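S.K.: Below are the structure tokens for one structure; questions will follow.
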Amino acid sequence: MKNIFIALICILSAKNVIAQKDTLAFDERNKYIYYQTVDQPGLSKDTLYGRGLYFMHKAYPKGKLKITKTDETQGVLSGEGSFVVSKRSLLSGSPGGEISYSLRIEVKDSKYRYWFTDFKFTPYKRDRYGMEILDPGITFPMEEAKSKLEKRDVAVYLDKILNYSRQNGAVLKSYMLKTAPAKKTIQELKKISTKDW
């Protein structure tokens, strides 16, 4: 019985260590970051760059991700996006706010890395017609959320940031495994002479 208990503790702690690898952390600027490095053996830097660029153009609906930088020589892609988070109540379903973020993808031969960071929160407010709208005058980094929001809301929002980052990271990985469609080339039209029948 004692051995089973010790084995169970070892399994649970090993599972906990594995789960901690895929979480939000703080970077060198003390900002929340979701960071992943992925090996893609056999793929060149140019191929990974093309697939990353294709992901940024096609994976997001129009207007949800603004591409801010593309540099093929250095293998860097970056963009800014946002998503809506709801309040903790299951019954109300009212939006709590919008979280904006920046995404960066860097590629090398046979590997790439990506991270989501610079999370900023803009709360929703009710206007005079009772509609929920963004309060543009109030935007603050998620690192300051503990002092500006309720503790339960902060935990929910951080959990939603983590889930959003994981989901988009999984989509990026699937795009990096697929080949991007080739660009359509415009075919030259044949010249036809109307003089000869």
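S.K.: Can you pull out every residue in region 1-45 that is open to solvent by 100 Å² or more (accessible area, probe 1.4 Å), part of a helix (DSSP H, G or I) and either of a type in the set (A, V, I, L, M) or at pLDDT 65 or above (or both)?
M.R.: Answer for region 1-45, where residues must be open to solvent by 100 Å² or more (accessible area, probe 1.4 Å), part of a helix (DSSP H, G or I) and either of a type in the set (A, V, I, L, M) or at pLDDT 65 or above (or both): 4, 11, 12, 18.
S.K.: Check off (1) within 20 Å of residue 33 (Cα to Cα); (2) out of contact with any Lys or Arg (no Cβ under 7 Å at 6 or more places or on another chain); (3) at pLDDT below 90; (4) not hydroxyl-bearing (Ser, Thr, Tyr) for residue 153 and give me the number that stays unchecked.
M.R.: Status for residue 153: all satisfied but (2).
S.K.: Quick one: what pairs do we get from region 26-53, first residue over 23 Å from residue 159 (Cβ atoms), second surrounded by fewer than 12 Cβ atoms within 10 Å (Cβ to Cβ) and among the basic types (Lys, Arg), C-beta under 8 Å, 6+ apart or different chains?
M.R.: Within 8 Å, the pairs are 51/178.
S.K.: Would it be correct to say that residue 60 is aromatic (Phe, Trp, Tyr) and touching an Asp or Glu at 6+ places or on another chain (Cβ under 7 Å)?
M.R.: When the stated conditions are applied, residue 60 does not pass them.
S.K.: Here's a follow-up. For region 94-112, state whether one or more residues are crowded, with 17+ Cβ neighbours inside 10 Å, touching a Lys or Arg at 6+ places or on another chain (Cβ under 7 Å), touching a residue at least 60 places away in the same chain (Cβ under 8 Å) and hydroxyl-bearing (Ser, Thr, Tyr).
M.R.: No, every residue in region 94-112 fails to be crowded, with 17+ Cβ neighbours inside 10 Å, touching a Lys or Arg at 6+ places or on another chain (Cβ under 7 Å), touching a residue at least 60 places away in the same chain (Cβ under 8 Å) and hydroxyl-bearing (Ser, Thr, Tyr).
The values are calculated or read from the model by the stated rules, or taken from the named source; none is laboratory data. This structure is a prediction, so every number in the text was calculated from the model and none was measured. Cβ atoms come from the backbone with ideal geometry, glycine included; neighbour counts cover every protein chain shown. Keep in mind that these areas ignore ligands, DNA and RNA; they rest on the heavy atoms of the full protein, side chains included. Shrake-Rupley method; radii C 1.70, N 1.55, O 1.52, S 1.80 Å.
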